[in-house]
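Report on the structure given below.
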Amino acid sequence: MALSGIQIYKLLPQTNCKECSFPTCLAFAMKLAAKQVELSACPYVSDASKQQLAESAAPPIRLITLKANGTEVKAGNEVVMFRHEKSFYNKTGLFIRVKASDPDLANKVATADAYKVNYVGMDFTIDGFAVEADGDLTAAVKTIRTATKRPLILMTKDAAQLDSSLSLLAGESALIYVAESSDYEPLADLAKKHKAALVVKEDSLDALADLTQKVQAKGVEDMVLDLGGKNMSEWLSRSTQVRKLAIKSNLRALGYPVIAFPCDAKDEGVAAAQAIAKYAGFVVLSEFKPELLYPLLVLRENIYTDPQKPIQVQPGIYEINSPKPESPVLVTTNFSITYFSVANEVEGSGLPAWLVVTDAEGMSVLTAWAAGKFDAERIAKAIKSFDVASKISKKQIVLPGHVAVLSGELEEELPGWDIRVGPREAVDLPAFMKQALN
Ligand code: SF4
(Lines give C-alpha, C1' and ligand atoms only; values in the text may rest on other atoms or scores of the structure.)
Protein backbone atom coordinates (compact mmCIF):
# COMPACT_ATOMS: atom_id res chain seq x y z
CA MET A 1 0.00 0.00 0.00
CA ALA A 2 1.22 3.49 -0.79
CA LEU A 3 2.72 5.40 2.14
CA SER A 4 1.57 8.86 3.15
CA GLY A 5 3.91 11.86 3.00
CA ILE A 6 4.42 11.76 6.77
CA GLN A 7 5.20 8.03 6.73
CA ILE A 8 7.75 8.61 3.98
CA TYR A 9 9.25 11.57 5.86
CA LYS A 10 9.94 9.32 8.85
CA LEU A 11 12.08 7.10 6.60
CA LEU A 12 14.14 10.01 5.17
CA PRO A 13 17.37 11.32 6.78
CA GLN A 14 15.59 14.49 8.03
CA THR A 15 18.68 16.66 7.64
CA ASN A 16 17.06 19.15 5.22
CA CYS A 17 20.31 19.31 3.21
CA LYS A 18 18.40 20.43 0.05
CA GLU A 19 20.43 18.28 -2.34
CA CYS A 20 17.21 16.91 -3.79
CA SER A 21 16.29 20.50 -4.82
CA PHE A 22 13.57 20.70 -2.17
CA PRO A 23 13.93 22.96 0.87
CA THR A 24 13.14 20.23 3.39
CA CYS A 25 12.91 16.47 3.65
CA LEU A 26 9.19 16.90 4.35
CA ALA A 27 8.66 18.77 1.08
CA PHE A 28 10.51 15.99 -0.75
CA ALA A 29 8.44 13.36 1.08
CA MET A 30 5.19 15.04 -0.01
CA LYS A 31 6.33 15.05 -3.64
CA LEU A 32 7.38 11.43 -3.33
CA ALA A 33 3.97 10.52 -1.92
CA ALA A 34 2.38 12.29 -4.90
CA LYS A 35 4.74 10.27 -7.15
CA GLN A 36 6.12 13.41 -8.74
CA VAL A 37 9.80 12.76 -7.95
CA GLU A 38 12.03 9.73 -7.82
CA LEU A 39 13.61 8.46 -4.61
CA SER A 40 17.04 8.51 -6.30
CA ALA A 41 16.97 12.33 -6.03
CA CYS A 42 17.95 11.89 -2.36
CA PRO A 43 21.42 10.36 -2.14
CA TYR A 44 21.25 9.75 1.62
CA VAL A 45 18.41 7.27 2.04
CA SER A 46 19.56 4.16 3.91
CA ASP A 47 19.25 0.76 2.27
CA ALA A 48 16.69 -0.32 4.84
CA SER A 49 14.53 2.73 4.13
CA LYS A 50 14.99 2.27 0.39
CA GLN A 51 13.47 -1.15 0.61
CA GLN A 52 10.46 0.14 2.51
CA LEU A 53 10.06 3.06 0.18
CA ALA A 54 10.47 1.17 -3.06
CA GLU A 55 6.76 0.74 -3.64
CA SER A 56 5.91 4.34 -2.80
CA ALA A 57 8.89 5.77 -4.61
CA ALA A 58 8.23 4.31 -8.02
CA PRO A 59 5.88 6.43 -10.10
CA PRO A 60 2.88 4.46 -11.44
CA ILE A 61 4.05 5.28 -14.97
CA ARG A 62 7.80 5.02 -15.34
CA LEU A 63 9.62 8.17 -16.41
CA ILE A 64 11.35 7.62 -19.74
CA THR A 65 13.87 10.22 -20.89
CA LEU A 66 15.16 10.27 -24.46
CA LYS A 67 18.34 12.33 -24.65
CA ALA A 68 20.62 13.70 -27.32
CA ASN A 69 23.44 16.19 -26.94
CA GLY A 70 21.74 18.57 -24.59
CA THR A 71 18.10 18.15 -25.66
CA GLU A 72 15.77 15.68 -24.04
CA VAL A 73 12.16 14.55 -24.09
CA LYS A 74 10.48 13.05 -21.05
CA ALA A 75 7.38 10.90 -20.91
CA GLY A 76 5.63 9.20 -18.02
CA ASN A 77 5.60 10.07 -14.31
CA GLU A 78 1.94 10.96 -14.62
CA VAL A 79 -0.27 10.47 -11.59
CA VAL A 80 -3.84 11.24 -12.62
CA MET A 81 -6.41 10.16 -15.19
CA PHE A 82 -7.79 13.65 -15.80
CA ARG A 83 -5.91 16.91 -15.86
CA HIS A 84 -8.51 18.70 -13.71
CA GLU A 85 -7.64 16.32 -10.85
CA LYS A 86 -4.12 17.71 -10.64
CA SER A 87 -2.07 18.22 -13.79
CA PHE A 88 -0.34 16.30 -16.54
CA TYR A 89 3.41 16.80 -16.27
CA ASN A 90 5.47 15.57 -19.22
CA LYS A 91 4.21 16.84 -22.54
CA THR A 92 3.73 14.32 -25.33
CA GLY A 93 6.92 14.22 -27.42
CA LEU A 94 6.15 14.97 -31.07
CA PHE A 95 8.45 13.10 -33.48
CA ILE A 96 8.67 13.33 -37.26
CA ARG A 97 9.12 10.10 -39.20
CA VAL A 98 11.86 10.08 -41.84
CA LYS A 99 13.22 7.34 -44.10
CA ALA A 100 16.83 6.21 -44.09
CA SER A 101 16.71 5.79 -47.88
CA ASP A 102 15.50 9.34 -48.53
CA PRO A 103 18.09 11.15 -50.72
CA ASP A 104 16.86 14.46 -49.29
CA LEU A 105 17.13 13.28 -45.67
CA ALA A 106 19.50 15.96 -44.32
CA ASN A 107 17.48 18.76 -45.85
CA LYS A 108 14.15 17.42 -44.59
CA VAL A 109 15.51 16.92 -41.08
CA ALA A 110 17.09 20.38 -41.01
CA THR A 111 13.82 22.01 -42.14
CA ALA A 112 11.76 20.26 -39.46
CA ASP A 113 14.47 20.87 -36.87
CA ALA A 114 14.41 24.62 -37.53
CA TYR A 115 10.64 24.86 -37.17
CA LYS A 116 9.73 27.21 -34.33
CA VAL A 117 6.38 28.82 -33.72
CA ASN A 118 5.43 31.35 -31.08
CA TYR A 119 2.17 30.99 -29.19
CA VAL A 120 1.25 33.51 -26.48
CA GLY A 121 4.89 34.23 -25.80
CA MET A 122 6.11 30.61 -25.84
CA ASP A 123 8.25 29.01 -28.54
CA PHE A 124 7.15 25.57 -29.70
CA THR A 125 9.29 23.11 -31.68
CA ILE A 126 9.21 19.44 -32.59
CA ASP A 127 10.94 17.02 -30.20
CA GLY A 128 12.77 14.50 -32.35
CA PHE A 129 12.84 12.18 -35.33
CA ALA A 130 11.83 8.56 -35.89
CA VAL A 131 14.10 6.96 -38.48
CA GLU A 132 12.64 4.15 -40.53
CA ALA A 133 15.40 1.76 -41.60
CA ASP A 134 14.35 1.13 -45.19
CA GLY A 135 18.00 1.64 -46.15
CA ASP A 136 21.33 1.94 -44.37
CA LEU A 137 20.29 3.05 -40.87
CA THR A 138 23.80 3.81 -39.64
CA ALA A 139 24.54 6.08 -42.59
CA ALA A 140 21.17 7.76 -42.08
CA VAL A 141 21.92 8.38 -38.38
CA LYS A 142 25.25 9.97 -39.37
CA THR A 143 23.44 12.23 -41.83
CA ILE A 144 20.72 13.11 -39.33
CA ARG A 145 23.27 14.07 -36.72
CA THR A 146 24.63 16.73 -39.08
CA ALA A 147 21.19 18.35 -39.16
CA THR A 148 19.71 17.98 -35.67
CA LYS A 149 20.61 17.43 -32.05
CA ARG A 150 17.20 16.15 -31.11
CA PRO A 151 16.52 12.61 -29.75
CA LEU A 152 15.94 9.72 -32.14
CA ILE A 153 13.69 6.70 -32.41
CA LEU A 154 15.35 3.95 -34.44
CA MET A 155 12.78 1.84 -36.30
CA THR A 156 14.24 -1.54 -37.16
CA LYS A 157 14.48 -5.07 -35.88
CA ASP A 158 17.86 -5.61 -37.55
CA ALA A 159 20.22 -6.13 -34.60
CA ALA A 160 23.41 -5.44 -36.58
CA GLN A 161 22.14 -2.12 -37.93
CA LEU A 162 20.83 -1.16 -34.52
CA ASP A 163 24.09 -2.01 -32.81
CA SER A 164 26.19 0.16 -35.10
CA SER A 165 23.67 3.01 -35.09
CA LEU A 166 23.41 3.01 -31.30
CA SER A 167 27.22 2.96 -31.07
CA LEU A 168 27.20 6.18 -33.10
CA LEU A 169 24.80 7.65 -30.57
CA ALA A 170 26.99 6.83 -27.56
CA GLY A 171 26.11 9.04 -24.60
CA GLU A 172 22.57 9.56 -25.84
CA SER A 173 19.37 7.74 -24.89
CA ALA A 174 17.56 6.65 -28.03
CA LEU A 175 14.36 4.65 -28.36
CA ILE A 176 14.35 1.33 -30.22
CA TYR A 177 11.22 0.38 -32.14
CA VAL A 178 9.97 -2.41 -31.76
CA ALA A 179 10.20 -5.68 -29.81
CA GLU A 180 7.50 -8.34 -29.87
CA SER A 181 7.22 -11.67 -28.05
CA SER A 182 8.74 -13.50 -31.02
CA ASP A 183 11.91 -11.38 -31.25
CA TYR A 184 12.41 -9.42 -28.06
CA GLU A 185 15.61 -11.07 -26.81
CA PRO A 186 18.27 -9.59 -29.14
CA LEU A 187 16.54 -6.20 -29.02
CA ALA A 188 16.43 -6.25 -25.23
CA ASP A 189 20.13 -7.16 -25.17
CA LEU A 190 20.91 -4.16 -27.38
CA ALA A 191 18.74 -1.84 -25.30
CA LYS A 192 20.64 -2.93 -22.20
CA LYS A 193 24.05 -2.67 -23.87
CA HIS A 194 23.43 0.87 -25.20
CA LYS A 195 21.23 2.13 -22.35
CA ALA A 196 18.42 2.73 -24.82
CA ALA A 197 14.69 2.51 -24.17
CA LEU A 198 12.72 -0.19 -25.95
CA VAL A 199 9.23 -0.10 -27.44
CA VAL A 200 7.31 -3.31 -26.85
CA LYS A 201 4.24 -4.31 -28.82
CA GLU A 202 1.59 -7.01 -28.53
CA ASP A 203 -1.93 -7.60 -29.72
CA SER A 204 -3.57 -7.70 -26.31
CA LEU A 205 -2.90 -6.01 -23.01
CA ASP A 206 -2.40 -9.37 -21.26
CA ALA A 207 0.29 -10.33 -23.78
CA LEU A 208 1.83 -6.87 -23.49
CA ALA A 209 2.04 -7.12 -19.68
CA ASP A 210 3.63 -10.53 -20.06
CA LEU A 211 6.17 -9.17 -22.54
CA THR A 212 7.22 -6.20 -20.38
CA GLN A 213 7.99 -8.62 -17.55
CA LYS A 214 10.12 -10.78 -19.85
CA VAL A 215 12.01 -7.74 -21.12
CA GLN A 216 12.49 -6.51 -17.57
CA ALA A 217 13.91 -9.92 -16.63
CA LYS A 218 16.54 -9.30 -19.35
CA GLY A 219 17.64 -6.20 -17.43
CA VAL A 220 15.78 -3.51 -19.38
CA GLU A 221 13.81 -1.08 -17.22
CA ASP A 222 13.02 1.67 -19.73
CA MET A 223 10.15 0.57 -21.93
CA VAL A 224 7.46 2.25 -24.00
CA LEU A 225 4.22 0.53 -25.03
CA ASP A 226 2.83 0.27 -28.54
CA LEU A 227 -0.83 -0.60 -28.04
CA GLY A 228 -1.55 -1.46 -31.66
CA GLY A 229 -5.30 -1.38 -32.24
CA LYS A 230 -7.17 -1.61 -35.51
CA ASN A 231 -8.67 1.85 -35.33
CA MET A 232 -8.85 5.01 -33.21
CA SER A 233 -11.60 3.63 -31.03
CA GLU A 234 -9.64 0.51 -30.13
CA TRP A 235 -6.49 2.54 -29.48
CA LEU A 236 -8.41 4.92 -27.19
CA SER A 237 -9.92 2.06 -25.27
CA ARG A 238 -6.52 0.40 -24.75
CA SER A 239 -4.77 3.61 -23.84
CA THR A 240 -7.42 4.42 -21.24
CA GLN A 241 -7.24 0.91 -19.79
CA VAL A 242 -3.45 1.04 -19.56
CA ARG A 243 -3.55 4.40 -17.78
CA LYS A 244 -6.22 3.18 -15.39
CA LEU A 245 -4.46 -0.08 -14.60
CA ALA A 246 -1.18 1.75 -13.96
CA ILE A 247 -2.60 4.58 -11.87
CA LYS A 248 -5.58 3.06 -10.11
CA SER A 249 -4.45 -0.56 -9.79
CA ASN A 250 -0.71 0.13 -9.63
CA LEU A 251 -0.09 -2.57 -12.25
CA ARG A 252 3.65 -2.24 -12.75
CA ALA A 253 3.71 -4.43 -15.86
CA LEU A 254 1.79 -1.75 -17.78
CA GLY A 255 3.23 1.26 -15.96
CA TYR A 256 5.08 2.69 -18.98
CA PRO A 257 4.44 5.57 -21.38
CA VAL A 258 2.63 4.83 -24.63
CA ILE A 259 3.74 5.59 -28.19
CA ALA A 260 1.22 6.33 -30.95
CA PHE A 261 1.49 6.31 -34.75
CA PRO A 262 -1.49 8.39 -35.90
CA CYS A 263 -0.16 8.21 -39.46
CA ASP A 264 -1.87 4.81 -39.67
CA ALA A 265 -5.30 6.41 -39.15
CA LYS A 266 -7.56 7.83 -41.88
CA ASP A 267 -7.19 11.34 -40.48
CA GLU A 268 -3.75 11.77 -38.99
CA GLY A 269 -4.55 15.10 -37.33
CA VAL A 270 -7.60 13.79 -35.50
CA ALA A 271 -5.79 10.62 -34.41
CA ALA A 272 -2.78 12.64 -33.21
CA ALA A 273 -5.06 14.98 -31.26
CA GLN A 274 -6.71 12.00 -29.61
CA ALA A 275 -3.33 10.51 -28.73
CA ILE A 276 -2.12 13.78 -27.17
CA ALA A 277 -5.33 14.21 -25.17
CA LYS A 278 -5.50 10.58 -24.12
CA TYR A 279 -2.18 9.70 -22.64
CA ALA A 280 0.38 9.17 -25.40
CA GLY A 281 3.91 9.89 -24.19
CA PHE A 282 5.28 9.96 -27.74
CA VAL A 283 3.51 10.63 -31.04
CA VAL A 284 5.17 9.90 -34.38
CA LEU A 285 3.85 11.95 -37.31
CA SER A 286 4.22 10.68 -40.87
CA GLU A 287 6.01 13.78 -42.14
CA PHE A 288 6.79 17.42 -41.34
CA LYS A 289 3.64 19.44 -42.02
CA PRO A 290 3.57 22.83 -40.26
CA GLU A 291 -0.19 23.13 -40.82
CA LEU A 292 -0.68 19.92 -38.81
CA LEU A 293 2.02 20.59 -36.22
CA TYR A 294 0.90 24.01 -35.10
CA PRO A 295 -2.59 23.02 -33.87
CA LEU A 296 -1.14 19.89 -32.25
CA LEU A 297 1.49 21.90 -30.40
CA VAL A 298 -1.16 24.34 -29.17
CA LEU A 299 -3.43 21.49 -28.13
CA ARG A 300 -0.56 19.84 -26.29
CA GLU A 301 0.22 23.06 -24.45
CA ASN A 302 -3.38 23.41 -23.36
CA ILE A 303 -3.65 19.82 -22.19
CA TYR A 304 -0.38 20.01 -20.25
CA THR A 305 -0.93 23.42 -18.67
CA ASP A 306 -1.55 23.10 -14.96
CA PRO A 307 -5.27 23.93 -14.71
CA GLN A 308 -4.62 25.58 -11.35
CA LYS A 309 -1.97 27.89 -12.80
CA PRO A 310 -3.15 29.69 -15.93
CA ILE A 311 -0.49 30.95 -18.32
CA GLN A 312 0.25 34.51 -17.32
CA VAL A 313 2.20 37.49 -18.53
CA GLN A 314 4.02 39.89 -16.28
CA PRO A 315 1.82 42.78 -15.10
CA GLY A 316 3.18 46.12 -16.29
CA ILE A 317 2.83 48.75 -18.97
CA TYR A 318 3.57 47.47 -22.47
CA GLU A 319 4.44 49.68 -25.42
CA ILE A 320 2.77 48.77 -28.71
CA ASN A 321 3.92 50.36 -31.98
CA SER A 322 6.18 52.92 -30.23
CA PRO A 323 3.50 54.94 -28.42
CA LYS A 324 3.83 58.68 -27.87
CA PRO A 325 2.54 60.68 -24.86
CA GLU A 326 -0.74 61.37 -26.66
CA SER A 327 -1.34 57.67 -27.52
CA PRO A 328 -4.28 55.92 -25.81
CA VAL A 329 -3.97 53.82 -22.65
CA LEU A 330 -5.72 50.44 -22.84
CA VAL A 331 -6.27 48.22 -19.83
CA THR A 332 -6.54 44.44 -19.66
CA THR A 333 -5.68 41.46 -17.41
CA ASN A 334 -2.55 39.29 -17.27
CA PHE A 335 -4.11 36.09 -18.67
CA SER A 336 -1.77 35.32 -21.57
CA ILE A 337 -4.43 34.65 -24.15
CA THR A 338 -6.26 37.87 -23.22
CA TYR A 339 -3.02 39.85 -23.35
CA PHE A 340 -1.93 38.44 -26.71
CA SER A 341 -5.42 38.86 -28.21
CA VAL A 342 -5.38 42.55 -27.36
CA ALA A 343 -1.70 43.13 -28.14
CA ASN A 344 -1.85 41.32 -31.49
CA GLU A 345 -4.95 43.21 -32.67
CA VAL A 346 -3.48 46.59 -31.80
CA GLU A 347 -0.04 45.72 -33.13
CA GLY A 348 -1.53 44.44 -36.39
CA SER A 349 -3.44 47.68 -36.84
CA GLY A 350 -0.24 49.72 -36.67
CA LEU A 351 -1.84 52.07 -34.13
CA PRO A 352 0.38 53.09 -31.20
CA ALA A 353 -0.93 52.44 -27.68
CA TRP A 354 0.07 51.88 -24.07
CA LEU A 355 -1.27 48.59 -22.76
CA VAL A 356 -1.61 48.38 -18.98
CA VAL A 357 -1.68 44.76 -17.84
CA THR A 358 -3.06 44.36 -14.33
CA ASP A 359 -2.39 41.45 -12.01
CA ALA A 360 -5.63 39.45 -12.18
CA GLU A 361 -3.98 36.17 -11.13
CA GLY A 362 -3.94 34.98 -14.73
CA MET A 363 -7.68 35.22 -15.32
CA SER A 364 -9.46 36.59 -18.36
CA VAL A 365 -11.40 39.86 -18.07
CA LEU A 366 -14.86 38.55 -17.22
CA THR A 367 -13.64 35.70 -15.02
CA ALA A 368 -11.36 38.04 -13.10
CA TRP A 369 -14.13 40.61 -12.67
CA ALA A 370 -16.52 37.90 -11.38
CA ALA A 371 -13.83 36.69 -8.98
CA GLY A 372 -13.08 40.17 -7.69
CA LYS A 373 -9.58 40.18 -9.22
CA PHE A 374 -10.20 42.90 -11.80
CA ASP A 375 -11.98 45.80 -10.16
CA ALA A 376 -11.65 49.59 -10.05
CA GLU A 377 -9.33 49.47 -7.06
CA ARG A 378 -6.88 47.07 -8.72
CA ILE A 379 -6.91 48.97 -12.00
CA ALA A 380 -6.27 52.26 -10.23
CA LYS A 381 -3.48 50.65 -8.23
CA ALA A 382 -1.86 49.39 -11.45
CA ILE A 383 -2.14 52.83 -13.11
CA LYS A 384 -0.43 54.41 -10.13
CA SER A 385 2.22 51.76 -9.49
CA PHE A 386 3.31 51.66 -13.16
CA ASP A 387 3.42 55.48 -13.10
CA VAL A 388 1.32 55.69 -16.26
CA ALA A 389 0.67 59.42 -15.75
CA SER A 390 4.35 60.27 -16.24
CA LYS A 391 4.35 58.72 -19.74
CA ILE A 392 1.26 60.33 -21.21
CA SER A 393 -0.14 63.77 -21.95
CA LYS A 394 -3.84 62.87 -21.99
CA LYS A 395 -5.26 61.21 -18.86
CA GLN A 396 -7.60 58.82 -20.61
CA ILE A 397 -8.06 55.07 -20.03
CA VAL A 398 -9.92 52.56 -22.20
CA LEU A 399 -11.63 49.79 -20.21
CA PRO A 400 -12.61 46.46 -21.80
CA GLY A 401 -16.27 46.62 -22.82
CA HIS A 402 -17.12 43.57 -20.69
CA VAL A 403 -16.43 45.57 -17.52
CA ALA A 404 -18.21 48.80 -18.49
CA VAL A 405 -19.83 48.55 -15.07
CA LEU A 406 -16.50 49.55 -13.48
CA SER A 407 -16.28 52.94 -15.17
CA GLY A 408 -18.10 54.91 -12.42
CA GLU A 409 -16.01 53.40 -9.61
CA LEU A 410 -12.83 53.93 -11.58
CA GLU A 411 -13.63 57.61 -12.01
CA GLU A 412 -13.82 57.84 -8.23
CA GLU A 413 -10.54 55.94 -7.81
CA LEU A 414 -8.76 58.06 -10.44
CA PRO A 415 -10.09 61.60 -10.22
CA GLY A 416 -9.14 63.74 -13.21
CA TRP A 417 -8.96 60.77 -15.60
CA ASP A 418 -11.34 60.31 -18.51
CA ILE A 419 -12.61 56.70 -18.36
CA ARG A 420 -13.77 55.37 -21.70
CA VAL A 421 -15.48 52.04 -22.34
CA GLY A 422 -13.94 50.13 -25.22
CA PRO A 423 -15.34 47.23 -27.25
CA ARG A 424 -16.03 43.81 -25.77
CA GLU A 425 -13.88 41.97 -28.26
CA ALA A 426 -10.20 42.64 -28.97
CA VAL A 427 -10.84 42.35 -32.69
CA ASP A 428 -12.94 45.56 -32.55
CA LEU A 429 -10.23 47.61 -30.83
CA PRO A 430 -8.54 49.08 -33.94
CA ALA A 431 -11.84 50.45 -35.29
CA PHE A 432 -12.72 51.80 -31.83
CA MET A 433 -9.33 53.49 -31.53
CA LYS A 434 -9.67 55.10 -34.96
CA GLN A 435 -13.28 56.23 -34.60
CA ALA A 436 -14.00 56.82 -30.93
CA LEU A 437 -10.70 58.11 -29.61
CA ASN A 438 -10.06 60.81 -32.19
FE1 SF4 B 1 16.28 15.44 2.87
FE2 SF4 B 1 17.49 13.80 1.18
FE3 SF4 B 1 16.38 16.04 0.25
FE4 SF4 B 1 18.59 16.13 1.77
S5 SF4 B 1 18.41 15.22 -0.29
S6 SF4 B 1 16.73 17.44 1.93
S7 SF4 B 1 18.25 14.45 3.13
S8 SF4 B 1 15.31 14.34 1.20
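Close amide H contacts of VAL224 (hydrogens built in the peptide plane, cut-off under 5 Å, sequence separation of 5 or more or a different chain): LEU198, VAL199, VAL200.
Neighbours of LEU169 by Cβ distance under 14 Å: Lys/Arg scored +1, Asp/Glu scored -1, total +4. Close amide H contacts of TYR318 (hydrogens built in the peptide plane, cut-off under 5 Å, sequence separation of 5 or more or a different chain): LEU355, VAL356, VAL357. In angstrom, the C-alpha Rg and Dmax of region 33-102 are 16.3, 54.
Relative contact order, whole percent, for the chain stands at 11, derived from Cα pairs under 8 Å and 6 or more residues apart. Here the dipole of region 283-438 is about 200 debye; that uses its Cα centre as origin and unit charges on the Cβ of Lys and Arg (positive) and Asp and Glu (negative). Shown here for region 1-58: GluC sites (Glu not before Pro) in loop regions (DSSP other than H, G, I, E, B) with at most 13 other Cβ atoms within 10 Å, namely GLU19. Comparing region 41-187 with the 2.2 N^0.38 Å rule of thumb, its C-alpha radius of gyration ratio is 1.25 (two decimals).
Think of it as helices only: each DSSP H run of n ≥ 4 in the chain is worth -39500 (n - 2.57), and spread over all residues that comes to -11000 deg cm²/dmol at 222 nm. Accessible surface area normalised per residue over region 115-237 is 42 Å², counting heavy atoms of protein chains with a 1.4 Å rolling probe. DSSP bridge analysis restricted to the chain gives an antiparallel fraction near 30%, rounded to the nearest 5.
The distance between label points at GLN314 and LYS18 comes to 2.4 nm (points 7 Å beyond Cα on the Cα→Cβ vector). Checking every one of the trypsin sites (Lys or Arg not before Pro) in region 1-78 against DSSP loop status and a limit of 16 other Cβ atoms within 10 Å picks out LYS18. Distances between placed amide hydrogens fall under 5 Å for ILE61 paired with ASN77, GLU78, all partners being 5 or more residues away or on another chain. Cross-link partners of LYS67 among lysines, defined as those whose alpha carbon lies under 18 angstrom from its own and excluding same-chain residues fewer than eight positions apart: LYS91, LYS142, LYS149, LYS192, LYS193, LYS195. Extension gain, ASP264-ASP210: 0.36 nm per intervening residue step, less the Cα-Cα distance, totals 16.9 nm. The 1.4 Å probe gives accessible areas that order ARG243, ARG150, largest first, as ARG150, ARG243. Taking every protein chain into account, the 1.4 Å probe leaves GLU411 with about 90 Å² of accessible area, to the nearest ten.
Rounded to the nearest whole Hz, the Karplus-based 3J(HN,Hα) values (6.51 cos²θ - 1.76 cosθ + 1.60, θ = phi - 60°) of region 61-70 follow the sequence 10, 4, 7, 10, 10, 9, 10, 7, 5, x, with x at glycine and proline.
Between the residues VAL283, LEU245, TYR294, the greatest Cα displacement towards the positive end of the dipole of the chain, with unit charges on the Cβ of Lys, Arg, Asp and Glu, is found for LEU245. Give me the angle, in degrees from 0 to 90, between the Cα long axis of helix 105-114 and the longest principal axis of the Cα atoms of the chain, rounded to the nearest 10. Tilt relative to the chain: about 40 degrees. Each principal axis of the Cα atoms in region 324-369 has its own extent, and those three values, largest first, are 30, 20, 12 angstrom.
Note on LYS324 and GLN435: the model spin-label points, each 7 Å out from Cα along the C-beta direction, lie 2.5 nm apart. Loop-resident GluC sites (Glu not before Pro) (DSSP state other than H, G, I, E or B) in region 263-298 with no more than 16 further Cβ atoms inside 10 Å of their Cβ: GLU287. Accessible surface of the chain, 1.4 Å probe: 50 percent of it comes from carbon and sulfur atoms. Solvent-accessible surface of region 261-374, averaged per residue with a 1.4 angstrom probe and all protein chains in place: 42 square angstrom. Remark: the ALA159-SER46 segment gains 36.7 nm on full extension, using 0.36 nm per residue and subtracting the alpha carbon distance.
Take the chain and mark each of the chymotrypsin sites (Phe, Trp or Tyr not before Pro) that is in a DSSP loop with at most 14 other Cβ atoms within 10 Å; the longest unmarked stretch, sites excluded, is 83-438.
Every pair of different Cα atoms in the chain enters the Kirkwood calculation, which places the hydrodynamic radius at 24.8 Å.
For region 165-182, 3J(HN,Hα) computed residue by residue from phi via the Karplus equation (6.51, -1.76, 1.60; θ = phi - 60°) reads 5, 5, 5, 5, 9, 3, x, 9, 10, 9, 10, 9, 10, 7, 9, 10, 4, 6 Hz, glycine and proline entered as x. Across region 330-338, rounded Karplus estimates of 3J(HN,Hα) from the backbone phi angles (6.51 cos²θ - 1.76 cosθ + 1.60, θ = phi - 60°) give 9, 10, 8, 9, 9, 6, 3, 5, 5 Hz, Gly and Pro being marked x. Between region 185-220 and region 120-157, the C-alpha centres lie 22 angstrom from each other. If you bin all the Cα-Cα distances of region 301-438 at 5 Å, starting from zero, the percentages per bin are 2, 11, 21, 25, 22, 12, 4, 2, 1, 0. The slack between ALA371 and GLU347, meaning 0.36 nm per residue of separation minus the straight C-alpha distance, is 5.7 nm.
Would you please state the base-10 log of I(q)/I(0) at q = 0.15, 0.26 1/Å for region 365-438, with intensities from the Debye formula using one equal scatterer on every alpha carbon? For region 365-438 at q = 0.15, 0.26 Å⁻¹, log10 I(q)/I(0) is -0.52, -1.32. What separates the Cα centres of region 64-90 and region 11-60 is a distance of 19 Å. Ordering HIS84, HIS194 by accessible surface, largest first, gives HIS84, HIS194; the 1.4 Å probe counts only protein heavy atoms, with every chain in place.
The values are calculated or read from the model by the stated rules, or taken from the named source; none is laboratory data. In this text, all values refer to a predicted model and were calculated from it rather than measured experimentally. Glycine gets a Cβ as well: all are built from the backbone with ideal geometry, and neighbour counts include every protein chain shown. Quick note on the areas: whole protein, heavy atoms, side chains included, nothing else; ligands and nucleic acids left out. Shrake-Rupley method; radii C 1.70, N 1.55, O 1.52, S 1.80 Å.
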